[in-house]
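K.L.:
This is the structure, below, for whatever I ask next.
Just so you know, all these numbers are worked out from the coordinates, no wet-lab data involved. Keep in mind the model is a prediction, meaning the values are calculated, not measured. Positions of Cβ are generated from backbone atoms using ideal geometry, with glycine treated the same way; all protein chains shown enter the neighbour counts.
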Amino acid sequence: MNDQARPRGARRPRPHKPYRRPVKDPVRILAFDALRAVDERDAYANLVLPPLLRAAREKDGFEDRDAALATELVYGTLRRQGTYDAIIAACVDRPLREVDPPVLDVLALGAHQLLGTRIPTHAAVSASVELARVVLGDGRAKFVNAVLRKIARDDLATWIERVAPPYDEDPEDHLAIVHSHPRWVVSALWDALGGPRAGIEELLAADNERPEVTLVARPGRATAEELLERESAEPGRWSPYAVRMTDGGEPGAVDAVREGRAGVQDEGSQLVAIALADAPVEGSDSRWLDGCAGPGGKAALLGALAAERGAALLAAEKQPHRAGLVGRALAGNPGPYQVITADGTRPPWRPGVFDRVLVDVPCSGLGALRRRPEARWRRRPEDMDGFAPLQRALLREALKAVRVGGVVGYATCSPHLAETRIVVDDVLRGRGGDPVEAEWIDARPLMPGVPALGDGPDVQLWPHVHGTDAMYLALLRRTG
C-alpha cells in the first residue's frame, strides 16, 4: 500500500530496529565492580582497586589514563555518596531503600560524572546508560536514563541548594549533605574541634580531597635524599623521613619501596612513632614494644629508630594475617626485632619489662576518611561503645608492660573524643579498672615545627591544618 492509499488516520509501520549489543566500557565496568565489592563484601576501595587495575592492564590493555579515570570514578563516588544520594532521592518516585543497590551504584557513578567531573553531559549520560545495559539490562537502563537526565538539568551548586536545608535552620544536616558525611560524624568531628564553627567546614572539605602519597625513608636503610631524587617528589612538611609524591605516582615503582627500605606511610603516623621514640625516659632504653603492630608501618619505623640506639623491638599483633604483614614490613631491619601473634589485652610478656610501648589501638578510623571514604558510611554511633572497652584494656596493659620511668604512647587514627582523651582520662582515673600510676608528658615539643597543636599535653593532628590523617597521641610516663 502506498502513502496515497493509506486509510485516513492509519500510522506508517515503524521499521524494525535490529537489536544493538550494549557497548562495554572496561573503565566504567571496573568502577562498578569496585563499588559492588565495597557494598556487598564490606571491602575497602584501597584494597579492592589495585588488583582490579592490575588485571585490567593485563586483560584490557589499561593505560595510565584509564586507571586514573577508574580511580577517580570510584573514590569520587564514594566520597560524595551522601550528596549524590540526596540528589538521586529528589529524582525518583520511591524511597532509595526500595531501589536495588546495583542500580544505585550506576546512578551514583553517573551523578559523579555529571556533577563532579569535567566529562561532557551527553557523554556522562550515554556512558552510564550503556553501563546499565551491560550490568543491569535494558529495562533498568531506561530508569537510569530518566533519572540521570533529570540530574543533568542543574549543576552541583544548584542541586545542593535544593536538597540541603539552610545552615541557619539545621547546621549539622546542612553540612552533612553539602560535604557528604553522616550527620552523627559531623556532630562528633565538630565536638572534637570545639568552638562554634571552629574549622568544621574546612575539615569536612579536606576529608573529600585526594590525599598525597607520602613515603617514609626507614632510618639506616634509606634516606629522604635518596627518595627526593625521583621527579615530582618533595620533602615532607614535618617528618625528617617523609617524602611526598606530588604527582600521585605509583609507590611500587620506587626502588627503595620495592626493596622494603622505604614504605608508604602518612606523615601523621610517622610523627606519632618519632614522638614516642624521642620522649625522655628515665634509666635504660633497650626494650621497645609495639603492642598493636598491624599492618606494620609504625613498627617498621620504630624498629629502625630502635636499631639506631641499640634497642630491640617486639612487635605484637593479634590477627595472624596482620602479623604476617608486620613481619614483611620489618624484614631487613638493621637491628634486633621479633614479631609475635599475641593479644595485647592478654599479653604473654611479663609486666614492667619495656622502656617504651606504643599502642595504636583499633578505632573507628574517622581520622582517615580521605583514604577510606567508605568508612564514614559503614560506621554507626553505637560502634564507639564497642571500641571503648578494648581501647581501655589495651592502654591499661600497655601501662603495666612498661617499667617505672618508661613511656607509653596511646595513639588512634580518630579524633572522636570517645576514642581519645576520654579513654586516657578514664584509665588514669581508674574508671572501669584499677587506677594506674602515670603522668602526662607534653607531646607538643616532640613534634618540633608542627603548628597548631592545641593546649596539650596530648596532640591531635588534622587533615585541614597539618595535611595529615587526624592522628591522636597521648604520651604517659609510668610513675609507680
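K.L.:
Give the separation of the Cα centroids, segment 25-56 to segment 267-324, in Å.
P.N.:
33
K.L.:
Here is a follow-up. Which is farthest toward the positive dipole end of the chain among Thr420, Gly454, Val103, measuring Cα position about the Cα centre, with Cβ charges +1 (Lys, Arg) and -1 (Asp, Glu)?
P.N.:
Value computed over the given set: Val103.
K.L.:
Follow-up question, since we're still on this one. Can you list the lysines whose alpha carbon is less than 30 Å from that of Lys400, not counting same-chain residues fewer than 8 positions off?
P.N.:
Correct list for Lys400: Lys298, Lys318.
K.L.:
With the contact rule set at Cα under 8 Å and sequence spacing of 6 or more, what percent relative contact order holds for segment 101-151?
P.N.:
41
K.L.:
Could you calculate the contour length gain from Glu250 to Asp64, that is, 0.36 nm times the residue separation minus the distance between their Cα atoms, to one decimal place in nm?
P.N.:
65.9 nm
K.L.:
For the chain, what's the relative contact order in percent, using C-alpha pairs closer than 8 Å and at least 6 residues apart?
P.N.:
11
K.L.:
Straight distance only, please: which lysines reach the Cα of Lys24 with their own Cα at less than 21 Å, same-chain residues fewer than 8 apart left out?
P.N.:
Lys59, Lys142
K.L.:
Given an 8 Å cut-off on Cα distances and at least 6 residues of separation, report the relative contact order of segment 391-443 as a percent.
P.N.:
Dividing the mean separation by the residue count of segment 391-443 yields 34 percent.
K.L.:
Still on this model: When you count, for each residue, the other Cβ atoms within 10 Å and take the mean per peptide, how do 121-133, 274-286, 104-116 rank with the highest first?
P.N.:
The most tightly packed comes first, giving 104-116, 121-133, 274-286.
K.L.:
Sticking with this one: Expected output is a single nm value to one decimal: the length gained when fully extending between Thr341 and Asp173, i.e. 0.36 nm times separation in residues minus the C-alpha distance. What is it?
P.N.:
Gain on stretching Thr341 to Asp173: 56.1 nm.
K.L.:
Fully extended, how many nm does the chain gain between Arg322 and Arg57 (0.36 nm per residue separation, minus their Cα-Cα distance)?
P.N.:
Contour length minus the Cα-Cα distance gives 92.6 nm.
K.L.:
Return the sequence-ordered ³J(HN,Hα) values of segment 241-251 in whole Hz as given by the Karplus equation 6.51 cos²θ - 1.76 cosθ + 1.60 applied to θ = phi - 60°, using x for Gly and Pro.
P.N.:
Whole-Hz 3J(HN,Hα) from phi for segment 241-251: 9, 8, 9, 9, 8, 6, 9, x, x, 8, x.
K.L.:
So which aspartates and glutamates can Lys150 reach, going by Cα to Cα under 18 Å and dropping same-chain residues fewer than 8 places off?
P.N.:
Those aspartates and glutamates meeting the cut-off are Asp85, Asp93, Asp105, Glu130, Glu161.
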